[in-house]
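Here's the structure, in C-alpha cells; my notes come after.
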Amino acid sequence: MKRHIRLGVNIDHVATLRNARGQNYPEIVEAAKIVEKSGADLVTIHVREDRRHINEKDLGDILNAINIPVNLEIAANPEMVNIAINYKPKSICLVPENRQEITTEGGLDVVNNFENLKKMLKLMDNTNIDKAIFVDPNKDQLVATHKLGIK
C-alpha cells in the first residue's frame, strides 16, 4: 500500500518571537498563511498551559484564516482537552509539558499515565478530532499507546 507523505509545519516559535518582542510582529496568522501557500499539508501549533507562545486567540484566528488542517499539541489535562473540544482542530497530539523546557524534549510516558490518558481521550470520544500521542520510540510506550486505541 502506497502512503502519501504529508508535510506539517510547526509555527510555535513565530509566536515565541512575537511575545518576546511584546508586539504583534511577526504575525502568527501570516505565518500560517505562508505555510498554506507554500504547499504544506497542515499547520501544527502548541497551546501550552502557560500560554508562552500560542494562545486561544491565535488558535481561533488560525483556524479561521487557513484552509489546511490544524494539528493542535496539548497537555493531557481537562483544561487543554476542553480547548480542543471547543475549537475543533482537525487533530490533536497529546504531549508532555515541562515548564523549564524551551520546546518539547521527549515523549509522553503512556505506561505510567495510562489511566489519565484514557480519561482525556474519552472526553473527546464524541468529536471528529483525530488523536495522537507524542511518545519516545520505546516498545512498552508503543504497546501502551496502541492499547489506548491510538494507531
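Scanning residues 5 or more positions from N10 or on other chains, those with amide H under 5 Å from its amide H are T44, with H placed 1.01 Å from N in the peptide plane. For a 28 Å ceiling on Cα separation, which of these pairs sit above it: K37/K90; K33/K151; K33/K147; K2/K57; K37/K122? The pairs that break the limit, which is 28 Å between Cα atoms, are K33/K151; K33/K147; K2/K57; K37/K122.
May I ask you to give the percent of accessible area on the range 1-132 that is carbon plus sulfur, with a probe radius of 1.4 Å? So the carbon and sulfur contribution to the accessible surface is 49 percent. Using a simple spin-label model with pseudo-atoms 7 Å out from Cα toward Cβ, N77 and F134 lie 1.6 nm apart.
Average accessible surface for the range 1-111: 55 Å² per residue, computed with a 1.4 Å probe over protein heavy atoms with every protein chain in place. Summing charges over all other residues whose Cβ lies under 15 Å from the Cβ of L42, with Lys and Arg as +1 and Asp and Glu as -1, gives +1.
The values are calculated or read from the model by the stated rules, or taken from the named source; none is laboratory data. Everything quoted here is computed from the prediction, not taken from an experiment. Using ideal geometry, Cβ is built from the backbone for each residue, glycine included, and neighbour counts are taken over all protein chains shown. Calculation scope for accessible area: heavy atoms of the full protein, side chains included, ligands and nucleic acids excluded. Shrake-Rupley method; radii C 1.70, N 1.55, O 1.52, S 1.80 Å.
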